[in-house]
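Quick notes on the structure that follows.
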Amino acid sequence: MKNQEIKTTLFLLLTLLIISVLPATAQNIQLHGDFGSNLYKDDFADRPGLTSTVEMFKADKWGSTFFFIDMDYTSSGVVGSYWEIARELCFWKAPLSIHVEYNGGNTNRFSINNAYLGGMTYTYNNTDFSSGFSFSALYKYIQKHDNPNNFQFTGTWYVHFGKNGLGTFIGFADFWKEKQPGVGDYVFLAEPQIWFNFYKLKGISDQFKLSIGTEVKLRNNFAFVKGFYAIPTLAVKWSFD
């Protein structure tokens, strides 16, 4: 088999391993109104103003699975898509797990190279699961890149606060190496979110899983755009858990 065929086969096997433990429904669906084109007209004039996110996290006796799928919209329809899927493998009682992950997609300006990641994750949750965090140290292979061998550090967190978890602060931060001529060799991306959960209010059915909130996209040297930007969104979310 050629190297490319071997890589494709390994990716398909990894995908089947991950999908084999997925539930039938997503955990939540989000809709974000993006203000990037309003705040940075010169740099993001063509940035889509609407993004949907389908997100799922599921723990099981072998670890956990997480994925999200983003789709960007303009008046012409869908103009971009992106997805990440990650599996934590843990066959022992310890905070450390084996991490495998895939990233890929496209935008209205360019395709996003397939990226394959592997490494270790440390995870902490407090006793009542009202807060927790994880940290991953990963090798990152960016397919068809002039410099494909890289690294990535990823942190995630969640905090439920207020009476009965009325508010949620959640997000991730990534720092990785990716040579981008004229831009830089290192990329930072973080997306903290804060949500107000209506179904936690007294008198509201706990089946009415609506949340409203905001996300701030913090990015530096990301997607071939040099410099730091902070792009807020206004969002709604419906949860299925």
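Observations
- When the alpha-carbon atoms of the range 3-239 are used, the pair Rg, Dmax equals 18.4, 60 angstrom.
- Residues THR74 and SER205, FRET efficiency given R0 of 45 Å [Cβ-Cβ distance, rounded to 0.05]: 0.80
- Restricting the range 48-88 to chymotrypsin sites (Phe, Trp or Tyr not before Pro) that sit in a DSSP loop and have at most 16 other Cβ atoms within 10 Å of their own Cβ leaves TRP62.
- Each Lys and Arg adds +1 at its Cβ and each Asp and Glu adds -1 at its Cβ; summed about the Cα centre, the range 3-239 shows a dipole of about 340 debye.
- Proximal aspartates and glutamates to LYS61, defined as alpha-carbon separation beneath 15 angstrom and excluding residues fewer than eight positions away on the same chain: GLU88
- Amide N of the range 106-149 lying under 14 Å from the label point, which is placed 7 angstrom from the Cα of PHE175 along Cα→Cβ: 135-138
- Compactness index (Cα Rg / 2.2 N^0.38 Å), the range 113-241: 1.28
- Shape class for the range 82-166, computed from the alpha carbon gyration tensor (a ≥ b ≥ c): oblate, with a/c not under 1.5 and a/b at or below b/c.
- With a Cα cut-off of under 23 Å and a minimum spacing of 8 residues unless on different chains, the lysine pairs in the range 78-193 number 4.
Every number here is computed from the coordinates shown, using simple stated rules; none is lab data. Note that the structure is a prediction, hence the values are computed from the model and not measured. Every residue, glycine among them, receives a Cβ derived from its backbone with ideal geometry; neighbour counts consider all protein chains shown.
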